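Student: I have a structure here, written as structure tokens, and I will follow up with some questions on it.
Every read-out reported here was derived from the displayed coordinates using simple, explicitly stated rules and does not represent laboratory data. Computed from a predicted structure; not experimentally measured. Using ideal geometry, Cβ is built from the backbone for each residue, glycine included, and neighbour counts are taken over all protein chains shown.
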Amino acid sequence: MSVGSEGREGFTSRFGIICAAAGSAIGLGNIWRFPYIVGDSGGGAFLLIYLGFIILLGIPVMLSELIIGRRGQRNALGSFKRLAPGKSWYLVGVMGIVAAFMILAFYSTIAGWTLEYVIKSLGNAFSGKDSGDISAMFTSFHSQAFRPLLWQLVFMAMTAWIILSGVQKGIEKYAKILMPFLVLLLIIMAIRSITLPGAGAGLRFLFQPDFSVVNSSVLLAALGQAFFSLSIGMGALITYGSYIKKQNNLGNISVEVSLADTLIAILAGVAIFPAVFAFGLDPSEGPGLIYTVLPNIFQQMPGGYFFSIIFFVLLAIAALTSSISILEVVVAYMTEELKMTRKKATIMAATAAFFVGIFCTLSFGVLSGTSIGGLTIFGVLDFTASNLLLPLGGLLIVVFVGWYMKRTDVRDEMSNSGLLKIRLFNALIFILRFIAPVAIAIVLFDSLGII
Ligand code: TRP
């Protein structure tokens with residue numbers, strides 16, 4: 001009896017962890033950001049490089065974060081302080097908290113758009129419109145001030161509310177059930193998309209690599225997207241790692257979550273690009289890509305009215321299970337290190353992120369003319385956080401685990417104190433010490449013109 005019930009408990013909590021980590025990874029990064037970055041970066045060659053980065057850099061960084069978190073048993077900053085007392089490593093945590101604010105600010109802008117599209121879907125707003133009308137509808141929405149800000153506020157409030165309802169209950173409960181439905185819907189949309197007349201050009205764009213378009217900024221974009229999509233480089237998974245029980249296998253979790261995240265991104269690509277070409281749209285149109293493409297697909301689908309409602313609702317939920325992991329980084333830090341109550345920390349952090357987010361949202365409207373180094377406010381936040389802070393954080397995280405932590409401690413954490421057999425340990429250490437740091441440094445510094 002007791003063995004049985006123990007076994008069951010173990011399974012349930014492992015499932016909860018996978019769901020929470022996958023819930024963090026799978027979000028707007030896969031469905032909104034991945035397609036538009038692929039489109040911006042010329043297609044197939046980007047995809048191959050991206051996949052290479054996920055395997056060689058993404059999985060090792062994710063595993064390193066989980067190791068740091070579970071061993072440190074604290075938030076992103078506190079874990080470093082505990083594992084490296086008196087050293088400056090905690091600054092990696094500080095950088096992560098800064099990145100968390102920036103990401104939350106623009107993430108809530110885009111998630112707000114998704115909420116608007118739930119309402120548009122409910123009102124049957126896409127029916128009878130051609131792709132020109134649908135693009136015009138998107139432009140007229142994001143260039144306003146009031147509605148996008150209202151939705152951003154609603155989204156931020158929902159994120160804060162879930163964080164306030166507590167760690168396990170809050171996070172795991174919401175992550176568990178719904179994502180399989182999102183996958184199912186994406187499959188249906190992908191089928192509709194690849195059966196549109198003229199779809200072949202989109203599949204070739206996505207899967208036929210043309211390496212002549214690759215330059216250092218494409219490499220940096222792939223690196224940033226890999227880190228963003230896996231939720232790594234700023235301590236979100238250090239924070240979640242600290243909630244993982246001792247008996248869970250961190251190596252397996254990293255591989256499974258990365259695999260699921262990558263498959264969903266590719267699925268989103270297969271749903272989007274055939275339609276982009278079939279409807280004569282521009283793959284490199286930027287952050288609005290899915291909002292101008294997807295309504296066209298729903299238009300051409302039997303039951304498209306219902307599918308569009310369900311899809312945008314699920315996308316908003318996927319965004320929510322990601323945004324809570326971002327806010328949790330800040331809240332865990334404020335409660336543990338600054339000794340604030342969870343309530344106060346959550347309200348303060350969400351309010352501050354919303355404040356920054358206002359400028360980001362308006363940068364698609366009244367502030368669209370404001371540019372800093374050729375980028376809008378959204379562009380600056382996204383580029384700084386995704387392409388600079390996350391890779392730099394990831395670099396320092398693998399160096400910490402590969403060089404600073406004792407090898408026996410790393411082995412102990414990965415094998416659950418010797419209970420699990422671990423394969424490829426030496427290969428992993430080699431990647432953490434040499435391959436990953438050097439590769440990240442080359443891409444990062446090359447694109448910044450430092451080397
Ligand atoms: N990975 C999430 C997505 O794809 C976004 C996200 C959640 C994130 N937590 C993060 C990105 C931490 C970077 C760091 O939508």
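Student: Take every Cα pair under 8 Å in the range 5-447 that's 6+ residues apart, average their separations, divide by the length, and report that relative contact order as a whole percent.
Tutor: Relative CO of the range 5-447 lands at 34 percent.
Student: Angle, helix 2-25 long axis vs. longest principal axis of the chain, Cα atoms, 0 to 90°, nearest 10?
Tutor: Here the helix axis deviates by roughly 50 degrees.
Student: Tell me, what is a quarter of the convex hull surface for the C-alpha atoms of the chain, in nm² with one decimal?
Tutor: That works out to 21.9 nm², a quarter of the Cα hull's surface.
Student: Just to confirm my numbers, what's the Cα centroid distance between the range 68-113 and the range 321-384 in Å?
Tutor: 13
Student: Additional query: Enumerate lysine pairs in the range 5-447 that are 8 or more residues apart or on different chains, then count those whose Cα atoms are under 20 Å apart.
Tutor: Lysine pair count for the range 5-447: 15.
Student: Measure off 7 Å from each Cα along the Cα-to-Cβ vector at N124 and A145, then give the distance between these two points in nanometres to one decimal.
Tutor: Between N124 and A145, the label points sit 3.5 nm apart.
Student: If you take the charge dipole of the range 359-451 about its Cα centre, with +1 on Lys and Arg Cβ and -1 on Asp and Glu Cβ, which of T384, L419, A441 is farthest toward its positive end?
Tutor: Comparing the listed Cα positions along the dipole, L419 ranks first.
Student: Within the range 177-217, find all residues whose amide N lies under 20 Å from a label point positioned 7 Å from the Cα of I55 along Cα-to-beta-carbon.
Tutor: Within reach of a label on I55, which here means backbone N under 20 Å from a point 7 Å along Cα→Cβ, the range 177-217 contributes 206-211.
Student: Give the separation of the Cα centroids, the range 31-65 to the range 215-242, in Å.
Tutor: Each part's Cα centre sits 9 Å from the other's.
Student: Evaluate the charge dipole of the chain about its Cα centre and quote only its size in Debye, nearest 20, assuming +1 on the Cβ of each Lys and Arg and -1 on the Cβ of each Asp and Glu.
Tutor: Using Cβ point charges on Lys, Arg, Asp and Glu, the chain gives about 1440 debye.
Student: Moving on. By count of other Cβ within 10 Å, fewest leading, how are R70, R411 ordered?
Tutor: So the residues, fewest neighbours to most, are R411, R70.
Student: Here's another thing I want to ask about it. Would you order C360, C19 from fewest to most other beta-carbon atoms within 10 Å of each residue's own beta-carbon?
Tutor: Result, fewest neighbours first: C19, C360.
Student: Mind giving me the nanometre distance, one decimal, between the label points for L338 and K406, set 7 Å out from Cα along Cα→Cβ?
Tutor: 3.5
Student: Nearest 10 degrees is fine. How inclined is helix 131-142 to the longest principal axis of the chain, computing both from alpha carbons?
Tutor: 60
Student: Whole-Hz ³J(HN,Hα) for each residue in the range 97-110, computed from phi via Karplus 6.51 cos²θ - 1.76 cosθ + 1.60 with θ = phi - 60°, x for glycine and proline: what do you get?
Tutor: 5, 4, 4, 4, 4, 5, 5, 4, 4, 7, 4, 6, 4, 5
Student: Place a +1 charge on the Cβ of each Lys and Arg in the range 303-451 and a -1 charge on the Cβ of each Asp and Glu, then give the dipole magnitude about the Cα centre in debye, rounded to the nearest 20.
Tutor: Computed charge dipole of the range 303-451: roughly 400 debye.
Student: Do the sum for the chain: with -39,500 (n - 2.57) for every DSSP H run of n ≥ 4, divided by all residues, what is the mean residue ellipticity at 222 nm, to the nearest 500 deg cm²/dmol?
Tutor: About -23000 deg cm²/dmol.
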